[in-house]
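Chemist: Sharing a structure with you now.
We did not get these values from a lab; they are worked out from the coordinates using the rules stated. Because the structure is a prediction, the values reported are computed rather than measured. Here the Cβ positions follow ideal geometry from the backbone for every residue, glycine too, while neighbour counts run over all protein chains shown.
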Amino acid sequence: MQKSKMVEQYPFREIEPRWQKRWDEEELFKIDTKNADRKYYCLVMFPYPSAALHVGHGRNYIIGDAVVRYKMMRGYRVLSPMGFDAFGLPAENAAIKNNIHPETSTLQNIANMKTQLRRWGCGYDWLREVIACLPDYYKWTQWIFLQLYKHGLAYRKKAAVNWCPSCRTSLANEQVVNDRCERCESLVEERELEQWFFKITDYAERLLDDLKLLGGWPERVRTMQENWIGKSYGAEIDFPIAVSGEIIRCFTTRADTLFGATYMVLAPEHPMIASLIKGQKAERSCLRFVGEAKKQGKRVRVLEQTEKVGVFTGRYCINPTTQEKIPIWVANYVLMDYGTGAVMAVPTHDQRDFEFAKKYNLPMKIVIDRPTKPLALGEMREAYVEDGAMVNSAQFNGLPNREALEKIVDWLASKKMARRTVHYRLKDWLISRQRYWGAPIPIVHCAKCGTVPVSESDLPVLLPKNVRFKPTGVSPLTEHPDFKSTACPQCKGQARRDFDTMDTFVDSSWYFYRYISTREEAKAFDSNDVNRWLPVDQYIGGVEHAILHLLYSRFVNKVLYDQKFVSFKEPFAKLFTQGMIIKDGAKMSKSKGNVVSPDELIQNYGSDTVRLYTLFIGPPEKDAEWNDQAVEGCYRFLGRFWRLATFVISEGKSDSRFKPAEEGQVNAGDLERHLHLTIKKVSDDLEGDFHFNTAVASIMELINLAYQFRPESQADWNLLKQLVKNTMLLLAPFVPHLAEELWQAMGEKKSIFRSGWPSFDSDRMKLQKIEIAVQVNGRVRSHVTIPADLGEEALKVRVLEDSKVKTWLEGKNPKKVIVVPKRLVNVII
RNA sequence: GCCGGGGUGGCGAAAUUGGCAGACGCAUGGGACUUAAAAUCCCAAGGAGAGAAAUCUCCAUGCCGGUUCGAGUCCGGCCCUCGGCACCA
């Protein structure tokens, strides 16, 4: 790139800062939320304050800004807020490494990012800025916690967390990639810790059900949430233990295979194991096995390559369908946290059970037969998992297995040995973090009263600033004397605070309400205002948040709905997830060294060019490869438009760098027609699913056409003026500085963003004469130009007279002639 | 394994939802302007073949088949690729 040699296409360096300043001064994006007339809430996912933004981040804000400006021009009162998801581990790690307080570096980063956003020309109501790490925000994050606590939706239990042995800290699920720590790549371990959870599982059914209300969401995201919630229908079946009569309860989705259940398998953590094996011969070997399995940890156990191993307990239970005694085993492949931790094993119709049974020589029985070739036990190499007819299943023999499934459950249910149940894959949300840089959990631990919530009037629980950073494995707050001890809110006795902080996903699960009431000091938000302005009309962000953030926010919304703080069931009416920007085949990241910095690009081409290219690069929902050379193409186009516009504004007197076409290859009628077509196309593209790329392409076409037009009369000049003026409006959401500059150069006084959106006239889009493609046997052989209103029969006659058609006909009569009005004629021979 | 995207020129991509495949842009080639270059403006361009030429013919949207006058688009069966979930009972 020879940027230094490049001639400046137009004076963007002077224009852009000037308009950025003017828009600030005029408070173009300031909104009063007491008034919700023609409201439009456009929300871009608030960023984590990293050191510098690259063009990949930029796509998010540029798309958002284009939507905001377009809707403004459509006459909406658009709320466009911005804030920062400012708590979190990276800042804390940087603090440890560089010996700088995370608040200092975070606030510095925020200042930098605001400068960058401003330079991009992205417009926000900065009076509504939200910064998650400041007490006036996290006070209310703590309030959210208390609301959940109050209704039994926040609880404490001992649980295994992801633990990175080299960073000596716990990690969030999302920071564990393929069982390894995202930063240092060491294998993640498990550690048992007393933790706070939010009971999101109570809402599993509604979170799943209400996905139906989200027609404005990409199907992909809805499906991902559906998978994550993972609902499965099945039944719990009771297996009495031989002799004792105690019940082992197991969950199955395949009750049709019950007659083939030839053994029972328990998870090593199953609570009944101890009493089962007590006094048995196998007691010692069982205990050893359980101990090893637990030591191995769940994470390793579920790895695909981990061998399935197990041990016999020496005890039996009764298959409730056959009354047969079947052995009870313990095996590493059964998980305690799905279903009941007990699995009825059907080796003939489940692949894992099949492998396990082969290995330990356990009995097998076929209960569903293959419709094609009957199964034979001796010949089976794998489990038969397809459908078929029931066999070896008493009164159910001969039934299709899917039908038998229901009947077997009914039959056992009538004997009170089974009941229909539903299981979810979704787990409760673990929100405790043993880290410093987060909102303290507003709980006090008192020896007398137990866990006691801090009262709302005592919020915020301030995060102390003078702490020592070293990776010890416990929160630095543990060592902080002032923070540590406090009075119990209940008995006023000596007590200690909870040392943990909240997952940053709690911070981000409610920020979109706070934007409505940023200045509110007495409450998290004003319900009346929030109910007027939400749901968010358009949410825009990366697909990487498809599950966590979007699911948590939906959950919190439902909790607030139940407690009557909000009156809507879902917080985000429409969701748009933009694709990533790729460079050299990989996602842009500092560590990969493939980031494209916007600063240099803006210096060389201006932010309007960067914006235009970002929108033109491809369909916004798809990933796209960044191409520096293609940026220049957009820069050239803006220059081309600038030259045309300045030439037209002065009626050919000023800009000597523009030369009109020597002979007009386009007439005024065509040009006007295309102007109206373009207005329609751009409007449709923006109203639809953000087809910025094709909208830009059609504007380019229009300008290319205008270059072919030679103005000869005052009417021609007026047409050209109308054209460039409308094009400014069409371009304004994409290239706001250039559009505003030219707009005012045309003598307009009001901001272009307060000047409405152009309309088109369908009558002016019509052609007098149209060209029709003529096919012979489905292949295009000729074209005819006809009056637009020519009737079908007349068209047929005209086509059959065509010399090329005659040649193909070779004097014969056509079998059939198909006419597609205004498009083509197909002559079948 | 299950679920969901995708597969179109040298490249990013379009295609009015079944109607002229490749708009627009990048890269490329040529021309104009210029002492020259840059910039700008104009023109060409999917591949193969025929022709002096205008033109013409054939082949082309991952592969195979089907429906249809007509398929990038619809149906059936494969292949590849990206993403999500997964010893889930």
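Chemist: Kindly indicate whether A:Ile699 is among the β-branched types (Val, Ile, Thr) and either within 9 Å of RNA strand B (Cβ to nearest atom) or under 17 Å from A:Gly64 (Cα atoms) (or both).
Modeler: Yes, satisfied.
Chemist: Among (1) more than 14 Å from A:Lys816 (Cα to Cα); (2) touching a residue at least 12 places away in the same chain (Cβ under 8 Å); (3) in a helix (DSSP H, G or I), where does A:Thr785 come up short?
Modeler: Of everything listed in (1) more than 14 Å from A:Lys816 (Cα to Cα); (2) touching a residue at least 12 places away in the same chain (Cβ under 8 Å); (3) in a helix (DSSP H, G or I), A:Thr785 misses just condition (3).
Chemist: Could you tell me which of the residues A:Lys721, A:Lys653, A:Lys680 is away from RNA strand B (no atom under 11 Å from the Cβ), of a type in the set (D, E, K, R) and within 44 Å of the chain's Cα centre (by Cα)?
Modeler: A:Lys721
Chemist: Which ranges mark the helices (runs of 4 or more DSSP H) fully within the stretch A:425-514 that have 1 or more residues being under 30 Å from A:Pro81 (Cα atoms)?
Modeler: Result: A:504-507, A:511-514.
Chemist: For the stretch A:601-615, how many residues meet the condition of being of a type in the set (A, V, I, L, M) and under 13 Å from A:Gly639 (Cβ atoms)?
Modeler: 1
Chemist: Another question about this same structure. Which members of the stretch A:534-569 meet the condition of being surrounded by 20 or more Cβ atoms within 10 Å (Cβ to Cβ) and of a type in the set (Asp, Glu)?
Modeler: Of everything in the stretch A:534-569, just one residue is surrounded by 20 or more Cβ atoms within 10 Å (Cβ to Cβ) and of a type in the set (Asp, Glu), namely A:Asp537.
Chemist: Okay, next question. What pairs come out if I take residues in the stretch A:337-353 that are farther than 11 Å from A:Glu382 by Cβ and pair them with residues that are more than 7 Å from RNA strand B (Cβ to nearest atom) and hydroxyl-bearing (Ser, Thr, Tyr) whose C-beta lies under 7 Å away, six or more apart or interchain?
Modeler: Every condition considered, the pairs that remain are A:Ala345/A:Thr262; A:Ala345/A:Tyr263; A:Val346/A:Thr257.
Chemist: Kindly indicate whether any position in the stretch A:261-281 is buried (at least 21 other Cβ atoms within 10 Å of the Cβ), assigned to a strand (DSSP E or B), of a type in the set (Ser, Thr, Tyr) and within 15 Å of RNA strand B (Cβ to nearest atom).
Modeler: Taking every residue of the stretch A:261-281 in turn, at least one turns out to be buried (at least 21 other Cβ atoms within 10 Å of the Cβ), assigned to a strand (DSSP E or B), of a type in the set (Ser, Thr, Tyr) and within 15 Å of RNA strand B (Cβ to nearest atom).
Chemist: Hey, could you check the stretch A:795-828 for residues that are of a type in the set (Lys, Arg) and under 51 Å from the mean Cα position of the chain (by Cα) and say which is nearest to A:Gln768 (Cα to Cα)?
Modeler: Looking at the filtered set, the residue picked out is A:Lys822.
Chemist: Out of A:Leu790, A:Leu809, A:Leu795, A:Leu742, I need the residue that is closer than 30 Å to A:Tyr70 by Cα, more than 9 Å from RNA strand B (Cβ to nearest atom) and surrounded by 12 or more Cβ atoms within 10 Å (Cβ to Cβ). Which one?
Modeler: Result: A:Leu742 is the single residue among A:Leu790, A:Leu809, A:Leu795, A:Leu742 that is closer than 30 Å to A:Tyr70 by Cα, more than 9 Å from RNA strand B (Cβ to nearest atom) and surrounded by 12 or more Cβ atoms within 10 Å (Cβ to Cβ).
Chemist: Do we find that A:Gly56 is within 16 Å of RNA strand B (Cβ to nearest atom), within 27 Å of the chain's Cα centre (by Cα), on the phi < 0 side of the Ramachandran plot and crowded, with 17+ Cβ neighbours inside 10 Å in this structure?
Modeler: Yes; evaluated as a whole, the condition is true for this residue.
Chemist: Still on this structure, please answer the following. Name the residue, out of A:Asp256, A:Asp210, that is more than 25 Å from A:Glu570 (Cα to Cα), assigned to a helix (DSSP H, G or I) and either among the acidic types (Asp, Glu) or out of contact with any strand residue (DSSP E or B) (no Cβ under 9 Å at 6 or more places or on another chain) (or both).
Modeler: A:Asp256
Chemist: Name the residue that is surrounded by the most Cβ atoms within 10 Å (Cβ to Cβ), counting only residues in the stretch A:605-637 that are charged (D, E, K, R) and within 9 Å of RNA strand B (Cβ to nearest atom).
Modeler: A:Glu632
Chemist: Which residues, counting only those in the stretch A:322-335, are touching a Leu at 6+ places or on another chain (Cβ under 9 Å), within 15 Å of RNA strand B (Cβ to nearest atom) and part of a loop (DSSP other than H, G, I, E, B)?
Modeler: Within the stretch A:322-335, A:Val334 is the sole residue that qualifies.
Chemist: Follow-up. Kindly provide the set of residues from the stretch A:767-782 that are assigned to a loop (DSSP other than H, G, I, E, B) and within 13 Å of RNA strand B (Cβ to nearest atom), ordered by number.
Modeler: Matches in the stretch A:767-782: A:Leu767, A:Asn777, A:Gly778.
Chemist: Something else now. Filter the stretch A:282-297 down to the residues that are of a type in the set (Gly, Ala, Ser) and at negative phi, then identify the one that is surrounded by the most Cβ atoms within 10 Å (Cβ to Cβ).
Modeler: The qualifying residue surrounded by the most Cβ atoms within 10 Å (Cβ to Cβ) is A:Ala293.
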